[in-house]
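Student: The structure under discussion is supplied below as structure tokens; questions concerning it will follow.
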Amino acid sequence: MEFNRSIKTHFELIENTKIVSEGHFLDDYHDIKCKLVFSLPCLEIIEAQVETGELPSKICKTPINKIFELKGLKVERGFRQKVRTIIGGKQGCIHFVDLIYEMAQGIVALLRKAQMTTDGKEMKYFPSETFYGECIGLGNE
């Protein structure tokens, strides 16, 4: 017997004013595609869309339909807990929470990549207070 699960994400920086984050959670029971648009520099969710294919139950659409309540949230300390409060818990979907979190977390990598020099080296001082203290790799050197 086998079971397959994947979470794929894609990020695009648009004119240094916003980031489009697309995610897809796919396993043997779930097929959830999501698109979030974050404004820069505050990383606030300004657009949210979702579409679903297969889900284990009709009730699973209940938390997924709450995606619009994520508008206005900012990627900052406490983001995951706020997402969990809106679309997680006993009346929610942990898989959807995980997808949203991955979609937000990938912004860190995109912003770091945007700060690289033309020869592919990372700039010495990555100018973002948002993520310091959340990752050993983003600590002060």
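Readers should treat all values here as calculations from the given coordinates under stated rules, not as data from a laboratory. Everything quoted here is computed from the prediction, not taken from an experiment. Positions of Cβ are generated from backbone atoms using ideal geometry, with glycine treated the same way; all protein chains shown enter the neighbour counts.
Student: Would you please name the chymotrypsin sites (Phe, Trp or Tyr not before Pro) within segment 1-79 that are DSSP coil residues with at most 11 other C-beta atoms within 10 Å of their C-beta? The partial results should precede the final answer.
Tutor: Details: sites: PHE3, PHE11, PHE25, TYR29, PHE38, PHE68, PHE79; in loops: PHE3, TYR29.
Passing sites in segment 1-79 are PHE3.
Student: Could I have the simple spin-label model distance between ALA114 and THR85, label points 7 Å from Cα toward Cβ, reported in nm to one decimal?
Tutor: 2.7 nm
Student: Moving to a separate point now. Would you please name the GluC sites (Glu not before Pro) within segment 1-92 that are DSSP coil residues with at most 15 other C-beta atoms within 10 Å of their C-beta? Each step should come with its number before you reach the end.
Tutor: Values: sites: GLU2, GLU12, GLU15, GLU22, GLU44, GLU47, GLU51, GLU54, GLU69, GLU76; in loops: GLU2, GLU15, GLU54, GLU76.
Those that pass, being in a loop and sparsely packed, are GLU2, GLU15, GLU54, GLU76.
Student: With θ set to phi - 60°, apply the Karplus curve 6.51 cos²θ - 1.76 cosθ + 1.60 along segment 93-99 and write out the HN-Hα couplings as whole Hz, x wherever there is a Gly or Pro.
Tutor: Residue by residue, segment 93-99 yields 9, 4, 5, 5, 4, 4, 4 Hz.
Student: Further question: How many nm is it between the label spots at ASP28 and ILE94, if each spot is 7 Å from the Cα in line with the beta carbon?
Tutor: 1.8 nm
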